[in-house]
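Note sheet for the following structure.
The values are calculated or read from the model by the stated rules, or taken from the named source; none is laboratory data. Just so we're clear, the structure is a prediction, and the values are computed from it rather than from any experiment. Please note that ligands, DNA and RNA were not included when accessible areas were found on the heavy atoms of the full protein model with its side chains. Shrake-Rupley method; radii C 1.70, N 1.55, O 1.52, S 1.80 Å.
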Amino acid sequence: MLVSDDGKINDLLTIAYPRCEVGETLQGGYCELSGKIGFKGLVLCEQHARLLEAQDRMALLEGIVLSLGLCLSSIPLRKNKDLSMVVQSQRAQAARELAHARQDLRGIKEEWSQ
């Protein structure tokens, strides 16, 4: 409810978006944009939601590439050439996707700097 200057209560509904709940920004301040997107229990602005989603994707792909690399160093796997080739192929695909994710993240950061 709104209270006017003369003290009367105004029953008009007001919709207020909470401020983006991201912590400190790279510039040292806080995000002043409205939070509209739920992400991992936070309410974030669209820009921060995109950024965190891209960072999560990149971290996941880094883990996949590293895990597949460890698999390739396994002695039993190296003895099975067919399986080894499949794992190498999967690792190469994950590495390509990781490169795209890094490129997407750079693009998002460049959009902000403009």
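Enter the accessible area per residue of region 23-114 (Å², integer; probe 1.4 Å; all protein chains in place).
With all protein chains present, region 23-114 gives 72 Å² per residue.
So, taking all protein chains as they sit and a 1.4 Å probe, how much accessible area belongs to Leu68, in Å² rounded to tens?
Leu68 has an accessible surface of roughly 30 Å² with all protein chains in place.
Ignoring everything but the protein chains, give the 1.4 Å probe accessible area of Asp56 in square angstrom, nearest 10.
Here the residue's solvent-accessible area equals roughly 60 Å².
Not counting ligands, DNA or RNA, and with a 1.4 Å probe, what is Leu33's accessible surface area in Å² rounded to the nearest 10?
Around 80 Å² of this residue is reachable by solvent.
Counting only protein chains, not ligands or nucleic acids, how are Cys20, Cys71 ordered by accessible area (probe 1.4 Å), most first?
Cys71, Cys20
Would you work out the relative contact order for region 48-114, in percent, from Cα pairs under 8 angstrom that are 6 or more residues apart?
46 percent.
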